[in-house]
Structures are given as structure tokens and as C-alpha cells.
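Accompanying notes for the structure given below.
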Amino acid sequence: SSQRCLLDEFALRIAPSARVAVSSSATARGGHRYAAIADPRPESAGLTWAAAEVSRVAQRTRSTPPLVGAAARREAVKAAVSGADVVHFACHGIFDPIAPDRSRLQLADGDLTIGEIMSSAMLRGVRLVIASACETAASDITLPDEVTGMPAAFLQSGAAAALGTLDRKSTRLNSSHLVI
């Protein structure tokens, strides 16, 4: 007899809160259009391999060239992610544990904040957001029924799934939140 598991029978969806689960109810398009943003501020602590990484993926998927360096301007980014199936942010991310709504992704001409992302539908239909930027998986968990952070913002903006990263600083912050 072959063993089956829950995922063989049902599609599961995990959301950081009931509000995000209800508001996002994302339906992905299912295509392969890749939109990438890389190293928008190379003059600051450079992301040595970010541009090469997203360029290679774009080439392999026959997608439009990524927005790299000065090309990764706010309006260009919003236009690029609209209609994409997979969105990849390879830039600097900042999580603000005191005011999570001020958390942001750094772009060439300014920051894209959680508030902007959550109040838009810029990621509607996106299957996956890959945020390979520091602190993009960090979340504020002090509210009893909500989680505030980049993953929740991506989902609320319409993405079906989100993947972020932690670094030591944000891991310590999350641990301290758990202790409080």
C-alpha cells in the first residue's frame, strides 16, 4: 500500500494572520514571467552577486532583463511586478521592530514601505515573491492576533506565496519579542 499524506489530498494555505488570509485570497496566474530587482544602491554596501544572480535567472527563463542599479526606480519596479508571476527582490531590506509599518525595501530613488505594499494590489496574481534582502522574513509578533512584516505585506498585496530572509539582528529581535 502506498502511503499518502495530507498534501496529496488537499491544497494547504498558511497565512500569518486571519486578516491577511481573508484579504489576500490570492489566485496565482500560473505563468513563468520573472521580474527581478537587484542592487539598486550599489554605492552603499554592495550586493556583489545580486545582479549576476537575477540576470542569470532572467536569461534562463527568457524573461525581461532585471532592473539593476539606477534602473530599479520605484515606478519602474511597480510596473515590472505588475503582471509578473515570480518577483525577486535582491536588494537591501530594513525591518523596524519598533514601528514595523516603517519597514522597507531600498530602491534606487527611495524606499518601498510595507504600508505602500499593503495598501496596493501591486502583487495581485503573483505566484511567489522572493525577497533575498536582509530582514524580509522578520515580523512583529507583539499583537495577539496579527503579524506585521514583509511576508504579510506581500500576501496582503496579492501574492500567493512569499519567501524572505533573516539575519542575526532580526533573529535576535524576534527572539526578544517571544520572551516579552
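For segment 147-164, give me each residue that is of a type in the set (Ser, Thr, Tyr) and open to solvent by 10 Å² or more (accessible area, probe 1.4 Å).
148
Evaluate segment 134-144: report whether one residue or more is open to solvent by 10 Å² or more (accessible area, probe 1.4 Å), over 16 Å from the mean Cα position of the chain (by Cα) and at pLDDT 65 or above.
First pass over segment 134-144, keeping only residues open to solvent by 10 Å² or more (accessible area, probe 1.4 Å): 134-135, 137, 139-144.
Add one more test, that the residue is over 16 Å from the mean Cα position of the chain (by Cα), and what stays is 141-144.
This time we only want the ones that are at pLDDT 65 or above, so: 141-142.
Within segment 134-144, one or more residues are open to solvent by 10 Å² or more (accessible area, probe 1.4 Å), over 16 Å from the mean Cα position of the chain (by Cα) and at pLDDT 65 or above.
Which count do you get for residues in segment 105-115 that are surrounded by fewer than 24 Cβ atoms within 10 Å (Cβ to Cβ) and more than 11 Å from residue 37 (Cβ to Cβ)? Number satisfying all stated conditions: 5. Considered as a group, the residues in segment 50-101 that are of a type outside the set (Gly, Ala, Ser) and without any contact (Cβ under 8 Å) to a residue 12 or more places away in the chain include one that is most open to solvent (accessible area, probe 1.4 Å), and that residue is 62. Against the criterion of being without any contact (Cβ under 8 Å) to a residue 60 or more places away in the chain, among the small types (Gly, Ala, Ser) and over 19 Å from residue 162 (Cβ atoms), residue 137 does not qualify.
The values are calculated or read from the model by the stated rules, or taken from the named source; none is laboratory data. Since the structure is predicted, the reported quantities are computational estimates derived from the model, not experimental observations. Neighbour counts are summed over all protein chains in view; Cβ atoms, including those assigned to glycine, are modelled from backbone coordinates with ideal geometry. These area figures cover heavy atoms from the full protein model, side chains too; ligands, DNA and RNA do not enter into them. Shrake-Rupley method; radii C 1.70, N 1.55, O 1.52, S 1.80 Å.
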